[in-house]
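Colleague: Sharing a structure below in structure tokens format, with a few things to ask.
The values are calculated or read from the model by the stated rules, or taken from the named source; none is laboratory data. None of the values given here were measured: they were computed from a predicted structure. As a convention, Cβ positions derive from the backbone with ideal geometry for all residues, glycine included, and neighbour counts pool all protein chains shown. Note: accessible area is taken over every heavy atom of the protein model, side chains too, but ligands, DNA and RNA are not part of it. Shrake-Rupley method; radii C 1.70, N 1.55, O 1.52, S 1.80 Å.
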Amino acid sequence: MSTDCLFCRIVAGELPATLVHEDEQLVAFEDISPQAPTHVLIVPRRHVATLNDLGPEDDGLVGEMVRRAAAIAKARGIAEGGYRTVFNCNREAGQTVFHIHLHLLGGRPLTWPPG
Ligand code: AMP
Ligand code: ZN
């Protein structure tokens with residue numbers, strides 16, 4: 001837990017969020033500034049700043065994050081139509097919160113390439 005980390009504080013229940021899912025390892029909540037009809041963030045409870053900080057011991061955690069995104073997409077009825085999952089890593093990719101999170105975006109057609 002990092003007291004100056006926004007997502008650690010949401011995980012700890014110190015800041016409000018609209019939770020979509022929680023379990024032993026993960027919390028998922030609605031993005032505060034949604035970029036699509038579905039925009040959910042899947043976040044590990046443990047503080048990991050960026051993808052660059054993951055080790056082989058985290059492979060299971062990352063797998064859980066991706067499969068949770070797929071499960072939420074299915075529950076929202078967007079799995080067949082399609083959706084996007086995104087990890088932004090560091091500033092040039094637009095990472096603004098330095099606690100890893102998987103964006104789940106869907107519910108509208110998404111263009112490619114991203115900006
Ligand atoms: P990124 O730019 O990849 O680091 O994504 C950070 C995301 O966190 C953005 O999509 C923000 O809209 C979202 N965000 C920032 N503050 C909050 C908050 N308090 N609750 C939920 N989502 C947030
Ligand atoms: Zn954190």
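Colleague: Mean residue ellipticity at 222 nm from the helices of the chain, using -39,500 (n - 2.57) per DSSP H segment of n ≥ 4 over the full residue count, to the nearest 500 deg cm²/dmol?
Modeller: Working: 2 runs with 23 residues, N = 115.
Calculated mean residue ellipticity at 222 nm is -6000 deg cm²/dmol.
Colleague: Accessible area per residue of segment 70-115 at 1.4 Å probe, in Å²? Let's see the in-between values first.
Modeller: Numbers: 2950 Å² over 46 residues.
That works out to 64 Å² per residue.
Colleague: Continuing with the same structure: Over the chain, with a single point scatterer placed on each C-alpha, what log10 of the ratio I(q)/I(0) does the Debye formula yield at q = 0.11 1/Å?
Modeller: Debye curve over Cα of the chain, log10 I(q)/I(0) at q = 0.11 Å⁻¹: -0.34.
Colleague: Going by alpha carbons, how many degrees (0 to 90, nearest 10) lie between the helix axis of 59-75 and the longest principal axis of the chain?
Modeller: Once rounded, the angle reads 40 degrees.
Colleague: Let me ask something else. Within segment 34-87, list the GluC sites (Glu not before Pro) lying in a DSSP loop whose Cβ has at most 14 other Cβ atoms in a 10 Å radius.
Modeller: Answer in residue order: Glu80.
Colleague: Taking the Kirkwood radius as the inverse of the mean 1/r across Cα pairs, report the Rg/Rh of segment 16-55. Kindly include the intermediate steps, with their values, before the conclusion.
Modeller: Details: Rg = 11.5 Å, Rh = 11.3 Å.
Value, to two decimals: 1.02.
Colleague: With the full set of protein chains in place, find how many percent of the accessible area of segment 41-111 is carbon and sulfur; take the probe as 1.4 Å.
Modeller: Details: 1980 of 3990 Å².
For segment 41-111, the apolar C and S fraction of the accessible surface comes to 50 percent.
Colleague: Evaluate the distance, in nm, between pseudo-label points positioned 7 Å from the Cα of Arg108 and of Glu14 along their respective Cα→Cβ axes.
Modeller: Placing both labels 7 Å along Cα→Cβ, they lie 3.4 nm apart.
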